[in-house]
Every structure is written in C-alpha cells, then in structure tokens.
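Some notes on the structure that comes next.
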Amino acid sequence: MGRAARRLARIIAEVRRTEAPQVPVERLTQPLLAAFRAAAERGELRPAAASVARGWRLRRAALPVLAFGTVLVILAVVLIRPVGRGPDTALVAREPALESTAGLASLDGDALVAGAVLSAADRPLSVAHARRATWTLSPGSRARLLSAPEGVVHVELEHGVLSALVTPSLEPESFVVQARGTAVSVHGTRFEMALGELDRVTVRVTEGVVHVGAFGGNGATVLRAGMQADFVRGVRQAETPGTTSPAVAGVEAMAPGAPAPAGKVGGGPGRGSVPHDARLVPPRASRPAPPALVERALEQVSASIQACFRDHTAAAGEIRIEVSTRLVLSVQSDGRILTVALDPPLSPLVEQCVTDALDRVELGRTESGYRVERELHLLR
Amino acid sequence: MKLEPDAEDAELVGRCRTGDAHAFELLFQRHRGPVTRLVYRMLGPSSDLEDLVQDVFLQVIRSLESFRDEARFSTWLYRVALNVVLMHRRAVGRRPRLVDEQHALPAVDSAPSAEDALETALRVAAFYRVLARLSDKKRAVFVLHELEGLSPARISEIVGAPVLTVRTRLFYARRELSRMLAEEPVLAALELEATDIASSEAPAALRKEVE
C-alpha cells in the first residue's frame, strides 16, 4: 500500500470513529407526526394500487363528468406537436418544440424540491433540468417530482400526458417516469407517456431507446425509435395493429437505421412496432446515413476505444493481450453520440477513458441519426 | 448501519399506510440514527443537519405512497436521504454560505487525550472539506462504501447505477481523495503508522468487496 493510500486509510478509520451529532428527537418527532397525520387525512399514504381502486369507484359514480373530462384531455393531447431535432445538451433551453408552443410556462427543475407537484392548467408546462432533461406536461396533466439528484430525474405522472427530451448520457439511465406501476427508464432519447383508463399507460418513442417495466421490477421491455406500446403496471398489452393513440400523435420518428459497412445495423422498429397514423401526421421520409460517414464514425470511435484499451490495460513485459468485443454505437442526427455499448464490457478504467474521450465528439450530421454495430479486436 | 431486509420495516410501512401515526414514530425511531449519520457524512459538520434529517422523513411521508413493497425500505430510505442532501447542496451552492462555528469541528470520542482529540477533530474536519470537493456521485459511493460499509451491489440499488459504474466511481473517488489529501496541510502531515488502521477496522465484508 502506497503512502497516499495509507494516508487515506488512516483518515477513513478516524472518520469512521467519529460519531454523528445527535439530533433532538423530541423536537423532530412532533412536527413529523403532525405532517404524517395531515398526509393521512388527505389520503396521501396509500400505495398507488389502492388509490387507483378508490379512483375507479369514484369514476363509476361520476361517469358523465369523467367522460367529458376525458374528451377534453384527448383534445388537449392531440394539439401537442413536439417536433424538433435530436436531443442536444446545448439546446435544452431552446428546444424548438418548446419555443414554438404559444403560452408555454417553464420552470427550472433544479430549483424544485423533491415531492413538488406540478399541474398544467390551460397551457403546457415545461420543466427543465440543466444538461439532463426537459419534460413537458400537456394542459390538464399533473406530475410529481420524486427526486432529482445529480444523475437521475425521477418523475411520477399522476394524470394526463408527459413528453420528455432527455439529454444523452452514458449513464444507464438519467430519467425515469413512472405512472401507476409502469416505469420508463431512459438515457438520451425523446419519448411520450400518456395515462389512459385505469392503469393503462401508452409509451411512444421518437428517438433513442427506452426501457419500460414494472416500477421496482427487474424485467423490462425495450422500445426503440418509432415504436409505441401500451402497458398495464409494467406489462406490455396486446397490440392493436394500425392504431395510434391520439396522446402521442404528432411526433417525428427517427429513421429506422442506416446501412453499415460492417456488422448489423439496428435501431429500427422491431416486433411490435406501431406504424404512424398518416391521418394525424404524415411520417417524414428519412434518408439513411451515408455509408462513408458511418464508416468514418466507426473508425473514430474504434480508435478511441483502442487507445484507451492500450493505455489502461496493465501488461507485463512483452506479453500480448487481445480482446474481442462488440461495439454498438448510436448517433443522433446532430452527430453527437447517444450511446456506446461494449459487449462484453471492458475494464472500468478503459470504459471511463472511453466515456471521457467521446464526451464531446461529434461525428457529422445526418438526417435522422443512426445505430451501428461492429466487432472490435483490441490489442495491447 | 445494518440494512438487511427487515420484515418489521415492511410491517411498519404497511401500518403507516393505514394512517397509524405510532407506526411512523417507530419507523422514525428505528432509522433516525442511520439517516442522521449518512446525512452527516455526506454533508460534513453543518448546522443544517437537524433540518435535513427532518426533511428526509418529511419526504418519506410525501413519497410513502410511491414506495413499492418489493424494494427494501432501508434502500429506499437511503436513496431519499441522498436525494435530500444533494438537493440541499445544490440549493446552498446558489446562496452565500454562513459558517457556524459551533459545528466547525466534529466530536471525536475515542482519542486518548484532549490534545489528540483536537488534532483528530481538525483532521476529520479537514477530511470533510476535501470530501466536499468530490462530485456528488463520487462522494455518494465513497461515503456509502468506505464509511457506511455497504457493498457495491447495494450501492448500485441506492444510486440507480450498475455495479460496474459504482466501482468505477469508487476508484476515481479514492484516487482524487488521495491526491487532495496530500494537498491539505493538516492531512498531509498525518503520521503514517506501520499498522494499517483502516484495513484492521474495516468490516470483513467490506474488505472482501473492496478487493
């Protein structure tokens, strides 16, 4: 153990022995109990399932009113036209769709405390978390900000429709939306989520990839750009071919993919994808990315990975180390890298190096972005 | 802090959802110590400690409906506490900082003499100053692993990142801290003894996971 490591170990031991100050229990208990009782009186302590069941009984009693409300929500949702370019860390504040929406109210999400409940009354409400995500509530929608630590923005959609533009990140997820037991986890994408009757949640992905599953559960359904599906408490529901929820109409789909010089190109609508509803918004035809551009991108990324592997892989003497891994590269239309995946993964040091090296790389603009895979053979 | 799955927690949470205030009081009593320690270690000596502990449990009340039974309550509580601390740090960063001399030095109870106690307190305070310079992500995994003794797998559940990412952050946190400690006069002069105190005092499970 080196001198610096021993110094660190020594101070850690001292800090471990340090007792945290005592907080005055009596002074905390009474306000907390008062808050608890108030929450209990408002019925805010029940789990989501109980709330839904209670809500359904109420709906049955007031069906005509709810039917009218549903019509209003659908009308509001159909009017949303979030059309824009791919996610861009520098463009969060000047996202075209947000700017072009008249009367849009906007909030600084980083200034909100966890637990804040946000409602959009008669105009859309946009919440921006700097360099992470911007999400918008359609009129008549309501959401609660569960947490917004540095890495992950966690929102619960309580009513209506939420659309989100999430800044690309190499983290496993940077934005989570949950609604009645269904959770959508994303990192760098554009998607919409609409609450339907009972626990039905519609998710439509415009760019990138999202994982949809039961909140807190392990399994997840992967939805890619251009796909839409309904879920009930995280479980995908049977599809109705050719149907498109009005709640998620009006969005442009990312191109299914681009030809690659080598390897398979992914990212297109797969099994279960739902075609666009031409009656609402004709899908824009998109040209595939030029093969030469894709090849240059692959070469640039591969070179960075190779350099990181060479610099951060320990080797004794002249021993030659060779590793094969599959690179999956997703690039946005503006040339920024959406995701880089290596399967099997490399060491944490190498992956951190790759993350740093590709952080600000731009690979050339294309009409709709692309996703490409390639086998890499790395040498040390 | 032991964060093993606890049926008693689940039962108390269930009772809380029925509006049982006594159950919530028991839940608070059970977890206020670990929560206070985590907040303190994340924040360092601060006059805001009491407010933040209260905020954590207020947040628990607000979010209890969203807590799912399949998750461990203690894991969820740790996540809530971390979020509250990070939100607080973000808010504090936007306004002038007030220094409370009363909280400037931590209490160290195991030093053999008053002089040693003071030196140790100075070192610990210096360490927290250095720790505060780490990014939130790295500081969180460092505190949870090195000071709280949690495994990377458990930390990954709390911070919502893969185990690999947790280990990477831990690696860089240690490296940055080692470098920064050398630049801190109080800590740079730290006498290095032949015995490795940290290794001898770390929980067995922790030592195993670190390596």
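Observations on the model:
- Qualifying residue in region A:330-346 (condition: out of contact with any Lys or Arg (no Cβ under 8 Å at 6 or more places or on another chain), among the charged types (D, E, K, R), farther than 28 Å from A:T206 by Cα and at pLDDT 70 or above): no
- Among all positions in region A:317-329, there is at least one residue which is within 21 Å of the chain's Cα centre (by Cα) and either over 27 Å from B:Y172 (Cβ atoms) or not assigned by TED's automatic domain parsing to the domain that holds A:V166 (or both).
- Residue in region A:29-39 that is farthest from B:F28 (Cα to Cα), counting only those that are modelled with pLDDT of 85 or more and surrounded by 15 or more Cβ atoms within 10 Å (Cβ to Cβ): A:A35
- Residues satisfying the stated conditions in region A:360-380, i.e. part of a loop (DSSP other than H, G, I, E, B) and free of Cβ contacts under 8 Å to residues at least 40 places away in the same chain: A:R360, A:R365
- The residue that is farthest from the other protein chains (Cβ to nearest Cβ), counting only those in region A:109-128 that are assigned to a strand (DSSP E or B) and under 18 Å from the mean Cα position of the chain (by Cα), is A:S126.
- Taken over region B:44-53, residues that are in a helix (DSSP H, G or I) and surrounded by fewer than 21 Cβ atoms within 10 Å (Cβ to Cβ) amount to 3.
- Only residues that are part of a helix (DSSP H, G or I), within 7 Å of chain A (Cβ to nearest Cβ) and among the hydrophobic types (A, V, I, L, M, F, W, C) were counted across region B:160-184, and they come to 5.
- Flag if B:A81 is assigned to a helix (DSSP H, G or I), assigned by TED's automatic domain parsing to the domain that holds B:E25, at pLDDT below 75 and closer than 23 Å to B:V141 by Cβ: no
- If you go through region B:38-75 and pick out every residue that is more than 7 Å from chain A (Cβ to nearest Cβ) and over 14 Å from the mean Cα position of the chain (by Cα), you end up with 9.
The values are calculated or read from the model by the stated rules, or taken from the named source; none is laboratory data. Note that the structure is a prediction, hence the values are computed from the model and not measured. Because the Cβ atoms are built from the backbone with ideal geometry, glycine has one as well, and the counts that use them run over all protein chains shown.
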